1. Looking at region A:430-443, is at least one residue within 16 Å of ligand 5 (Cβ to nearest atom), at pLDDT below 95 and not in a helix (DSSP H, G or I)?
2. In the list B:His23, B:His58, which residue meets the criterion of being within 11 Å of another protein chain (Cβ to nearest Cβ), more than 27 Å from B:Ala177 (Cβ to Cβ) and modelled with pLDDT of 95 or more?
3. (1) out of contact with any helix residue (DSSP H, G or I) (no Cβ under 8 Å at 6 or more places or on another chain); (2) hydrophobic (A, V, I, L, M, F, W, C); (3) more than 7 Å from chain A (Cβ to nearest Cβ): which one isn't true of B:Phe9, the others all being true?
4. Of everything in region A:60-98 that's of a type in the set (Asp, Glu) and away from every other protein chain (no Cβ under 14 Å), which residue is farthest from A:Asp252 (Cα to Cα)?
5. Within 30 Å of A:Leu127 (Cα to Cα), of a type outside the set (Ser, Thr, Tyr) and out of contact with any Pro (no Cβ under 9 Å at 6 or more places or on another chain), is that true of A:Pro210?
6. Considering (1) more than 14 Å from every other protein chain (Cβ to nearest Cβ); (2) in contact with a Cys (Cβ under 6 Å, 6 or more places away or on another chain), say which one B:Leu33 fails and leave the rest.
7. Failed condition for A:Asp514, given (1) of a type in the set (Asp, Glu); (2) near ligand 3 (Cβ under 9 Å from one of its atoms); (3) not in a loop (DSSP other than H, G, I, E, B), with all others met?
8. Would you mind stating whether A:Asp557 is among the acidic types (Asp, Glu) and within 12 Å of another protein chain (Cβ to nearest Cβ)?
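The values are calculated or read from the model by the stated rules, or taken from the named source; none is laboratory data. In this text, all values refer to a predicted model and were calculated from it rather than measured experimentally. So basically every Cβ, Gly included, is an ideal-geometry build from the backbone, and we count neighbours across all protein chains shown.
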Amino acid sequence: MQATDISHPDYFHKVVDCQWACPAHTPVPEYIRRIADGDNDGAYLINWESNVFPGILGRTCDRPCEPACRRGRLQEEPVAICRLKRVAADRKSDIADRLPKAPSARNGKRVGCIGAGPASLTVARDLAAIGYDVAVFDSDSQAGGMMRSQIPKFRLPDEVIDEEVGYALSTGGAFVASSRVESLKAMLAEGFDAIFVGCGAPRGRDLDAPGRREAAKNIHIGIDWLASVSFGHTHSIGRRVVVLGGGNTAMDCCRTSLRLGGCDVKVVVRSGFAEMKASAWEKEDAMHEGVAILNFLVPKAFTHQRDRLTGVIFEKVTAEKDDRGRRILAPTGEPDVHIECDDVLVAVGQENAFPWIESDSGVAFGKNGLPSIDPVTFQSSLPSVFFGGDAALGPKNIITAVAHGHEAAISIDAFCRGEDPRVRPAPMTNLVSQKMGLHEWSYDNAITLDRRFAVPHVENTKALKNVKTEVELGFTDEQALAEARRCLNCDVQTVFSAPACIECDACVDICPLDCISFVPNAPEEELRRSLNAPALNLTQAIYVSEPVKTGRIMAKDEDLCLHCGLCAERCPTGAWDMRKFTIEFPRAGHTCQSTL
Amino acid sequence: MSYLAKPKFQHPSLEVNALGFTHRDYEGSMSTLCAGCGHDSISAAIVRACFELSLPPHRIAKLSGIGCSSKTPTYMLGQSHGFNSVHGRMPSVLTGANLANRDLIYLGVSGDGDTASIGLGQFAHAMRRGVNMVYIVENNGVYGLTKGQFSATADRGSKSKKGVDATDEPIDLVALAIQLGASFVARSFSGDKAQLVPLIKAAFEHRGAAFIDVISPCVTFNNHAGSTKSFDYVREHNIAVNALDVITGRSTIEVDYAEGDRQDVLMHDGSTIRLHKLEAGLDVSDRSAAFGMLERHRFAGEIATGLVYLNEGARELHESLDTTHRPLNELGQEVLCPGSKALQAINASLR
Ligand SMILES: Cc1cc2nc3c(=O)[nH]c(=O)nc-3n(C[C@H](O)[C@H](O)[C@H](O)COP(=O)(O)OP(=O)(O)OC[C@H]3O[C@@H](n4cnc5c(N)ncnc54)[C@H](O)[C@@H]3O)c2cc1C
Ligand SMILES: Cc1ncc(C[n+]2csc(CCOP(=O)(O)OP(=O)(O)O)c2C)c(N)n1
Ligand code: SF4
Ligand code: SF4
Ligand code: SF4
Ligand SMILES: [Mg+2]
């Protein structure tokens with residue numbers, strides 16, 4: 001194998017599994033260390049810089065970082081990365097005056113954002129901070145998008161949204177409330193230098209089945225119903241509720257129903273339990289609150305007495321493989337099931353809809369109904385129009401919307417300066433030794449064996465009384481510190497210098513995970529099998545050195561390294577060093593700001 | 001030294017041996033030796049050998065004297081019996097333990113000072129009596145623990161860290177062990193686990209006094225230019241005379257050497273040592289050939305490593321003394337201490 005080029009910004013970044021997996025590349029271990037040090041303000045600001053909504057995401061993020069966490073590969077559970085964000089957000093002091101303000105020098109450029117969800121708010125934060133005049137339009141009276149309209153208050157209280165939407169706009173973006181954009185052409189005519197479309201995926205899919213029209217009064221589209229609850233228009237639901245669908249929207253619908261008078265609430269899903277789209281923890285929480293989840297049932301018809309819904313008929317199915325080995329749901333032939341209920345919530349998916357974008361506006365759409373955009377710049381076929389969030393790639397989540405927002409802001413900035421948005425500014429990396437003494441490091445390298453801590457919840461009896469009672473209490477101080485200590489500091493990298501190595505084997509012998517081997521060089525596949533512990537996880541890199549004195553190479557499997565620093569502590573020559581890797585992503589305006 | 005305990009986490013796909021243990025189960029507590037000390041590598045090699053042989057940790061007794069080397073039993077085999085004796089006295093304490101309980105597996109760990117200086121007499125008698133044990137000397141040519149004075153194995157002309165030459169004739173413990181009657185004698189290098197681990201395994205399989213002299217650089221006091229026990233010097237002058245595979249019931253032979261270059265030795269417990277002769281014609285069962293080979297390499301300024309001498313038919317101490325086959329702790333009070341009448345009978349028979 002070729003010796004590893006550790007100067008490539010991706011190499012060590014990939015070793016920080018969580019940061020690599022986070023769409024906004026939040027420096028996770030760095031903020032967790034701050035929490036462990038009691039520096040919640042610092043932890044919050046690091047998050048805020050990357051992901052804009054630490055308090056919101058610390059309660060609601062889809063957390064793609066957690067399945068990536070190295071601790072999860074050690075026959076253990078990942079660090080509670082997400083809920084530690086909330087720890088910082090809840091405990092921080094007033095940080096408002098540490099946030100960037102709109103510069104007094106304006107650059108004279110105007111940007112219009114359509115929709116005030118996380119994508120638009122990120123664009124507004126990034127661009128207003130460097131002198132753009134940004135106006136954010138939304139049909140709703142308050143900013144926040146689906147964070148405000150969809151996510152139930154018991155998971156995300158309004159105060160948290162108010163605070164963080166406020167911070168996002170505090171760099172100078174202007175929110176234009178209750179103003180639905182009805183025409184892109186009209187918007188273009190207003191002379192914006194660039195337009196960002198962050199209108200989300202606002203249409204809930206319906207279920208067309210016999211009885212749908214007759215029983216319409218008691219059949220609700222999940223996301224419309226949740227919005228109506230959020231905005232205080234709906235206060236109750238029938239005692240027996242059937243929720244159709246197996247995603248996170250279904251979980252929010254059933255849990256909200258329990259709080260609005262539902263006492264027999266069932267989620268009925270076509271697929272098996274494991275195949276459901278909802279996150280494992282959402283399913284757990286719903287079941288803990290008393291929701292029943294029924295699987296392998298396909299809705300066939302709504303039953304009703306005149307215009308009053310009486311129930312839903314389901315066909316029983318089972319998972320099978322078809323001739324080509326694909327999973328299909330085949331009817332079992334057993335009699336249909338009738339589930340009686342008073343209300344049905346349909347949560348079977350979301351769609352994009354752009355009725356206000358004229359077909360001759362210059363913005364092209366693909367067959368899937370999504371805009372044709374450059375996947376890196378988010379620029380549409382009409383160069384001054386950019387997309388991001390659910391509007392760009394279909395329904396995803398908040399952190400993805402934020403990541404799109406950052407990229408689109410960079411593109412808009414380049415575009416407004418007459419540059420090619422496809423030329424992306426490079427990230428800046430740094431690698432700093434953490435050595436303080438013979439066996440002293442400027443990070444806590446001790447490895448705790450604590451298991452993942454569970455976040456305490458309000459008791460069901462109390463939680464279910466009010467839809468606005470936040471159900472999670474957040475970690476206690478002790479839990480927060482202990483959970484923070486579970487982080488392995490994967491950003492503190494093992495860096496090897498072949499010329500310094502005397503091949504004493506001390507690092508090989510001490511490494512608790514058998515990561516390090518000195519072996520003859522070979523092609524990757526062969527090398528992976530020749531190591532002290534075979535490197536079977538192909539998604540993780542092998543760090544290969546230049547030849548050492550005996551002509552062998554040092555090969556380190558990055559997969560399970562605890563970043564404990566013992567290799568560096570036991571190395572007599574300093575051939576191993578523990579160095580903190582930081583990667584700073586460009587934000588709009590960070591390069592060539594002076595030319596603005 | 002490191003203050004951190006080695007984390008309990010281990011690789012999920014670690015191999016397990018016949019007892020269901022991983023090599024981590026044979027580790028001891030955290031080493032307090034200097035980072036990079038050759039002795040730590042030898043500990044790791046012993047751990048590996050015990051793991052691969054599936055030795056039950058609770059049936060091993062590890063004994064040592066005084067020195068950095070003699071501290072190492074603490075850093076391996078945490079589930080085994082241990083005894084840290086007086087400087088140079090490991091052989092007699094081990095002999096006593098062995099006589100009392102012949103069922104344990106005995107591992108003596110010593111240093112060149114502990115064995116070739118203060119303990120030379122003890123070493124000599126354990127070898128000539130054929131005590132059934134594995135005797136490992138971690139040989140760095142200095143007294144590491146007392147800050148680097150030359151030991152009796154320092155080569156004449158080797159330079160101390162301050163630049164002073166060693167003036168006395170060195171003791172070659174390998175030659176001495178053969179001369180004294182050890183029945184398994186080998187030399188190796190802490191920096192070559194591929195050679196060392198099979199040697200340790202073979203030594204455990206051998207019945208009788210098995211001696212291994214392992215050159216083990218002292219990174220703090222004897223790893224400089226001019227030293228003949230430094231990593232660089234040993235690597236440059238190391239000549240392996242053979243390589244071996246230990247074939248127990250479970251393991252298979254991986255490399256097949258041509259007939260003539262191969263020597264198979266059946267061990268008393270049924271396993272086989274397969275030797276691949278790197279030095280043509282060297283027969284490890286030939287004592288005088290062993291001396292000749294050692295002398296030849298010494299004269300050429302080379303360090304001969306590998307299995308140097310093996311006599312699988314040798315008598316061990318218990319056979320010579322015709323002792324009881326059972327450990328003393330399994331015999332009842334009446335058998336161990338038959339009373340004054342029995343004593344009188346013995347005395348009478350000797351009158
Ligand atoms: C029930 C539910 C629960 C969810 N829970 C989570 C969760 O826990 N965690 C998570 O990460 N994600 C969750 N999501 C997904 C997440 O809310 C979205 O992916 C995210 O909000 C998308 O952000 P966005 O900026 O693209 O647009 P949105 O947040 O959808 O905001 C779009 C905004 O544009 C406005 N708008 C639309 N058209 C116009 C127009 N023509 N003129 C003016 N304004 C317009 C809308 O009123 C809306 O306010 C959930 C979604 C749903 C439906
Ligand atoms: C009776 C006695 N004499 C002297 C000493 C001092 N002493 C301690 S260790 C040592 C030498 C150890 O040398 P070696 O066996 O080579 O071990 P190393 O530290 O080199 O591994 C000496 C002389 C002692 N502890 N006890
Ligand atoms: S930091 Fe070093 S010793 Fe610790 S697990 Fe990683 S490679 Fe092994
Ligand atoms: S501990 Fe240091 S000198 Fe020894 S083998 Fe490892 S990297 Fe090389
Ligand atoms: S002094 Fe020498 S022998 Fe003793 S621990 Fe240090 S390196 Fe090893
Ligand atoms: Mg010594």
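1. Of all residues in region A:430-443, those within 16 Å of ligand 5 (Cβ to nearest atom) come to A:438-439.
Keeping just the survivors that are at pLDDT below 95 gives A:438-439.
Now narrow it down to the ones that are not in a helix (DSSP H, G or I): A:438-439.
Among the residues of region A:430-443, at least one is within 16 Å of ligand 5 (Cβ to nearest atom), at pLDDT below 95 and not in a helix (DSSP H, G or I), which makes the answer yes.
2. Values: B:His58 fails: within 11 Å of another protein chain (Cβ to nearest Cβ).
Exactly one residue qualifies, and that residue is B:His23.
3. Just one mismatch for B:Phe9, condition (3).
4. Of all residues in region A:60-98, those of a type in the set (Asp, Glu) come to A:62, A:66, A:76-77, A:90, A:94, A:97.
Those left that are additionally away from every other protein chain (no Cβ under 14 Å): A:62, A:66, A:90, A:94, A:97.
Working: A:Asp62: 14, A:Glu66: 21, A:Asp90: 23, A:Asp94: 32, A:Asp97: 35 Å.
So the residue we want is A:Asp97.
5. Working: within 30 Å of A:Leu127 (Cα to Cα): no; of a type outside the set (Ser, Thr, Tyr): yes; out of contact with any Pro (no Cβ under 9 Å at 6 or more places or on another chain): yes.
No, not satisfied.
6. B:Leu33 satisfies all of (1) more than 14 Å from every other protein chain (Cβ to nearest Cβ); (2) in contact with a Cys (Cβ under 6 Å, 6 or more places away or on another chain) except (1).
7. Result: A:Asp514 fails condition (3) only.
8. Values: among the acidic types (Asp, Glu): yes; within 12 Å of another protein chain (Cβ to nearest Cβ): yes.
Here the answer is yes, as A:Asp557 does meet what is asked.
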